[in-house]
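The next block holds one structure in the form of structure tokens; read it before the comments.
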Amino acid sequence: MGAQWKQKWREMAADQKGKITGKLVREIQVAAKLGGPHPEYNARLAAAVAIAKKQSVTRDTIERAIAKGSGTGPDAVQFETTTYEGFTPHRVPVIVECLTDNNNRTSSDIKVLFRAGTMSKVMWMFDHVGLIEAHHADKTMDIEVAALEAEAENVEPMEVEDEEAAGHIGARFFTQTTTLDAVTKALKAGGWVVTTSEMSYVPKEYPELTDEQREEVTGFLQTLDGHDDVHRVYAALK
């Protein structure tokens, strides 16, 4: 949904592996801090570790990130979560979530980046939900039935881009924020391979843009997402 604009850029940014690895490691740290160090009991951590492994993040790096995030390592992580809201060029609402150890630095940097847009309250233009992305080997699987059985609120088909999961059916499940973990576990029990399990913001509406405007907005979002402290960017851009 709101983060789909990122996929093409991710493919183009393969040469920025160091920065991508840093963001993956930070996601592992945050997941471990919020839900504990054991992936079998922490759906968000399990999904983060799986993605990191596919990006060839080493086992030692993953284990250190879990230890640091959960406070069991020698230097427990001290990140603070901050959220910024506003509009991109051409009035596309956007929410930016940051993880930082220096809020003054991050706030100053984000304000500078937003000079190309406008900082404003836009949270009301999104629904705060639990988001699960998953794929299943059985292509005959009815995703609506799967969502009902797992007690998800909604579901939509999703293209599976993982080469190892070629031929699988993909789906994006939406839950209440309070049932994310339970729905994730139910989907896993039903044979779904979960690749994402996290809180998310889903836009209620999407502004109409020309191709030229879309390109400008995407460039703005890429700049935001490229900042080291930016963890998630949610935009009303399909």
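The values are calculated or read from the model by the stated rules, or taken from the named source; none is laboratory data. What you see is a predicted model; the values in this text were computed from it and never measured. Cβ: placed from backbone, ideal geometry, glycine included. Neighbour counts: every protein chain shown.
Among strands (runs of 3 or more DSSP E) lying entirely in segment 114-229, which contain 3 or more residues that are in contact (Cβ under 8 Å) with a residue 60 or more places away in the chain and under 20 Å from the mean Cα position of the chain (by Cα)? Spell out how you get there, then give the answer.
Working: elements: 126-136, 154-157, 169-175, 193-203.
Of the strands (runs of 3 or more DSSP E) lying wholly inside segment 114-229, those with at least 3 residues that are in contact (Cβ under 8 Å) with a residue 60 or more places away in the chain and under 20 Å from the mean Cα position of the chain (by Cα) span 126-136, 193-203.
Could you tell me whether residue 96 is within 13 Å of residue 220 (Cβ to Cβ), touching a residue at least 12 places away in the same chain (Cβ under 8 Å) and assigned to a strand (DSSP E or B)?
Considered against the rule, which asks whether it is within 13 Å of residue 220 (Cβ to Cβ), touching a residue at least 12 places away in the same chain (Cβ under 8 Å) and assigned to a strand (DSSP E or B), residue 96 comes out as yes.
Could you tell me whether residue 70 is modelled with pLDDT under 90, polar (S, T, N, Q) and surrounded by fewer than 13 Cβ atoms within 10 Å (Cβ to Cβ)? For residue 70, the condition - modelled with pLDDT under 90, polar (S, T, N, Q) and surrounded by fewer than 13 Cβ atoms within 10 Å (Cβ to Cβ) - is not met.
Within segment 194-230, the set of residues being farther than 21 Å from residue 23 by Cβ and among the aromatic types (Phe, Trp, Tyr) comprises 206 only. Note on segment 38-76: among residues that are over 20 Å from residue 193 (Cα atoms) and not in a helix (DSSP H, G or I), the one that is nearest to the chain's Cα centre (by Cα) is 58. Checking each residue in segment 79-93 for being within 12 Å of residue 121 (Cβ to Cβ) and surrounded by 17 or more Cβ atoms within 10 Å (Cβ to Cβ) picks out 84, 85, 86, 87, 93.
Would you confirm, using the coordinates I've provided, whether residue 152 is closer than 18 Å to residue 117 by Cβ and either in contact with a Pro (Cβ under 9 Å, 6 or more places away or on another chain) or modelled with pLDDT of 95 or more (or both)? No.
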